[in-house]
Amino acid sequence: MSRRGAPDGRRAPDGRRAEQRVVHGIHPVRELLRAGRRLHEVVLAEARADGRSEAGPVAEIARLAADAGVPVRTVRSDELERLAPGAVHQGVVALAPPFPLVDIDRLLAHAEESGRPPLLVAVDGVTDPHNLGSIARSAEAVGAQGLVLPDRRSAPVTPVVEKAAAGALAHLPVAGVTNLVRALAELAKAGVWSLGLDGEADTQLAGHPLASGAAVLVVGAEGSGLSRLVRERCDALVRLPMHGHVGSLNASVAAGVALYTLLAAREAEGATPTS
């Protein structure tokens, strides 16, 4: 099956259509409904005997689903376990179409619709799904308009990624690209400069002349960092200040710090309204 899914009507072992994805957890499912994303069905666990069933959030999800015309089904917890084996589903599962990937032009259009200069994030070799989800969560929190995700050397968007993103991916467009170097070149033609995070760079991100304008932050893999070709393609390599004894940050933590640094630079220039 490709990353976009294979809508061929085949059935998975639990009876689901093969092209469906399972989204689990209160935040991811609730944000999909709030964002108006298409869902096939919402499946909720029966209330627990002790009454501790997250009644408020679950009731809100049921109401949002009803308002959107999405069927809601209540099942025993063991059936939820079959739908999302080993997942921390919090009693909430949604069956949805394959995750929708867009192209670079759509990210640029989304940025234009926002009325703010483009602020995007690209990942290069981030294979840990929890890191990818956390990066998406930080990107959406600062108002970034999209995530650039290569087909190779990066984790795809899976239910684990959506759970780690805590609903952010319901609002953050993701562009799937076959070649990150070409994607960065395409963004450069549109006036979006690429800033590669590199712990060995000479220049700090804060105060960099490109930090307050249209930019794509490029985050590399833990340990190996940016690949050679991506590093060479970036318009600038920047680092975060490190004054402690630990030599590096987790990829998702570094991305979060860098994104808030970019947000501060944009706010100082008046490019992003404060709230």
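The values are calculated or read from the model by the stated rules, or taken from the named source; none is laboratory data. Quick caveat: nothing in here was measured; it's all calculated off a predicted structure. Heads up, the Cβs are rebuilt from the backbone with ideal geometry, glycines too, and the neighbour counts pull from every protein chain shown. Side chains are part of the model used for accessible areas, which takes the heavy atoms of the whole protein and leaves out ligands, DNA and RNA. Shrake-Rupley method; radii C 1.70, N 1.55, O 1.52, S 1.80 Å.
Structural remarks
- Value of Rg to Rh for segment 19-118 (Rh from inverse mean 1/r over Cα pairs, i.e. Kirkwood): 1.07
- In angstrom, the C-alpha Rg and Dmax of segment 57-115 are 16.5, 47.
- Potential lengthening of the chain between Arg153 and Leu210 amounts to 17.8 nm, from the contour at 0.36 nm per residue minus the alpha-carbon distance.
- Using θ = phi - 60° in the Karplus curve 6.51 cos²θ - 1.76 cosθ + 1.60, the 3J(HN,Hα) couplings for segment 101-111 round to 9, 10, 10, 4, 4, 5, 4, 5, 5, 5, 5 Hz; x is entered for Gly and Pro.
- Using the 1.4 Å probe convention, the accessible area of segment 147-248 works out to 46 Å² per residue with neighbouring protein chains retained.
- Square roots of 5 times each gyration tensor eigenvalue, C-alpha, the chain, largest first, Å: 36, 19, 18
- Between the C-alpha center of segment 145-202 and that of segment 53-129 there is a gap of 18 Å.
- Gained length - Thr127 relative to Ala185, 0.36 nm times residue gap less alpha-carbon distance: 18.6 nm
- Share, in percent, of DSSP beta bridges within the chain that are antiparallel, nearest 5: 25 percent
- For segment 87-154, the percent of C-alpha pairs falling in each 5 Å distance bin, counted from 0 to the bin holding the largest distance, reads 3, 14, 20, 22, 20, 13, 6, 2.
- Loop sites by DSSP among the trypsin sites (Lys or Arg not before Pro) of the chain, restricted to those with at most 12 other Cβ atoms within 10 angstrom, leave 153-275 as the longest stretch without any of them.
- Modelled this way, with points 7 Å down the Cα-to-C-beta line, the labels at Glu112 and Thr178 are 2.5 nm from one another.
- Cα-projected label distance for Ala141 with Ala264, points at 7 Å along beta-carbon direction, nm: 1.5 nm
- Virtual spin-label span in nm between Asp105 and Val88, 7 Å along Cα→Cβ: 4.1 nm
- To the nearest 10, the accessible area of Leu210 is 40 Å² with a 1.4 Å probe.
- Subtracting the Cα-Cα distance of Val253 and Thr74 from 0.36 nm times their residue separation leaves 60.7 nm of extension gain.
- Distances between placed amide hydrogens fall under 5 Å for Arg21 paired with Ala96, all partners being 5 or more residues away or on another chain.
- Across segment 140-261, C-alpha contacts under 8 Å between residues 6 or more apart give a mean separation that, scaled by the residue count, equals a relative contact order of 25 percent.
- Looking at segment 179-275, the GluC sites (Glu not before Pro) that sit in a DSSP loop and have at most 10 other Cβ atoms within 10 Å of their own Cβ are Glu200.
- Helix 129-141 and the longest principal axis of the C-alpha atoms of the chain enclose an angle of approximately 70°.
- Solvent-accessible area, 1.4 Å probe, carbon plus sulfur percent, for the chain: 51 percent
- Sequence-ordered 3J(HN,Hα) estimates for segment 261-266 from the Karplus curve with 6.51, -1.76 and 1.60 and θ = phi - 60° stand at 5, 5, 4, 4, 5, 5 Hz, glycine and proline given as x.
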